[in-house]
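The values are calculated or read from the model by the stated rules, or taken from the named source; none is laboratory data. What you see is a predicted model; the values in this text were computed from it and never measured. Heads up, the Cβs are rebuilt from the backbone with ideal geometry, glycines too, and the neighbour counts pull from every protein chain shown.
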Amino acid sequence: MKLFDGETNSHVTEEQLAELVMETANMLTRAIRQEMRRRRPEGLSLQQFRALGVIQHHPGASLSVIAGHLGLTNATASKLVDGLVKQELVTRVESEEDRRVLVLSTTEVGNRALQSARTAALGWLAELLAGLDKSNHATVMKAMEILHAALTRASASKNIQAE
């Protein structure tokens, strides 16, 4: 991925800009996820940590939702969730509509574990941003505000949901 020189900004196409945004977003997402995984609670496997995040993001999720997000079979997801329940990070109850379906939610302990990892990742990102010149802080802030507004509009008009 070639980054574009400042003097050619007026000649950058929408496709080139989209490519730069996508590549940068992918790099940032990978780095944040790596930092969060590095700070996950001791004794929690990477798959369990990912499952915990999915459950927090989708309260009331079923085993099939977890399996789908993680690319697992329902049986494997069930074993994974068993471990989270034993560690008191997740609760599992039968659905009121269908007793065959288990409804999953994070516990306060599970929420704190995820928040701790998130806080560590935020600290890492703040350090990264602190290394920028102060003049670049405003530029990054403006770019993020513009992208956030555009994505919010797209989400409202196309019913895009954040993952």
Q. Restricted to the stretch 46-76, and to residues that are within 20 Å of VAL93 (Cβ to Cβ) and of a type in the set (S, T, N, Q), which residue is nearest to the chain's Cα centre (by Cα)?
A. GLN56
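Can you pull out the residues in the stretch 44-71 that are of a type in the set (S, T, N, Q) and within 12 Å of GLY110 (Cα to Cα)? I'd like the intermediate steps shown before the answer.
Quick first cut of the stretch 44-71, residues of a type in the set (S, T, N, Q) only: 45, 47-48, 56, 62, 64.
GLN48, GLN56, listed by residue number.
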Q: Look at GLN34 and say whether it is surrounded by 12 or more Cβ atoms within 10 Å (Cβ to Cβ) and in contact (Cβ under 8 Å) with a residue 24 or more places away in the chain.
A: no
Q | the stretch 88-137, residues that are in a helix (DSSP H, G or I) and β-branched (Val, Ile, Thr) | A | VAL109, THR119
**Q.** Filtered residues of the stretch 138-163 (kept if of a type in the set (Gly, Ala, Ser) and in a helix (DSSP H, G or I))
**A.** ALA138, ALA143, ALA149, ALA150, ALA154, SER155, ALA156, SER157
Q: Working carefully through the options VAL85, VAL93, find the one that is surrounded by fewer than 12 Cβ atoms within 10 Å (Cβ to Cβ), in contact with a strand residue (DSSP E or B) (Cβ under 8 Å, 6 or more places away or on another chain) and more than 17 Å from HIS57 (Cβ to Cβ).
A: VAL93
(Q) It is to be established whether one or more residues within the stretch 124-132 are in contact with a Gly (Cβ under 8 Å, 6 or more places away or on another chain), at pLDDT below 95 and exposed (fewer than 15 other Cβ atoms within 10 Å of the Cβ). (A) no
